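FYI, it's all coordinate maths here, none of it is from the lab. These numbers come from a predicted model, not from an experiment. Neighbour counts are summed over all protein chains in view; Cβ atoms, including those assigned to glycine, are modelled from backbone coordinates with ideal geometry.
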Amino acid sequence: MELKFVDAKNADFAMLAQKLDDYYFELVGDVHLRYAQYNRPENFACLAVVYAGGQPIACGAWKAIDPVTAELKRIYVLPEHRRKGAATMLIKAMEENAAATGCHKMLLETARTTADSEQLYLSLGYQKMDYYGSPAGADNCLCFEKEISDGTMR
């Protein structure tokens, strides 16, 4: 697997993000439409795509909430490539990239119905936290946080 940082116009990122939206629609219906405006690639500080055999298989991004807090966004792995390390590769790359910009903390929210995601985040050192304001609503979300640097990285 190879991770590539991409820009907001990357077609592979767009294709995978659309698959993520389709997946969420299957899970929770049209509730994901309430926050689609917050998931536009041009709003992200960093985007990445993971490739296997030259084909795009996973995507992820982060955006700044404030100067020291980042939010992990758009983590998605094609079903046939899950449980092979792509999500972990993406998440660690997003944490390192955000920490390099001065962020100390990474937040994220995911659908309550994604038990596999919950287990992944917990295994990577994330801790559950109170709902922090996603437009999806507290009833639909699980929220997590992790300290990604001690503030000395720049």
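Among Arg74, Arg83, the ranking by other beta carbons within 10 Å of each residue's beta carbon, starting with the fewest, stands as Arg83, Arg74.
The ranking of Cys143, Cys103 by Cβ neighbour count inside 10 Å, starting from the fewest, reads Cys143, Cys103. Among Glu118, Glu147, Glu109, Glu42, sorting on how many other beta-carbon atoms sit within 10 Å of each Cβ, with the fewest leading, yields Glu42, Glu147, Glu118, Glu109.
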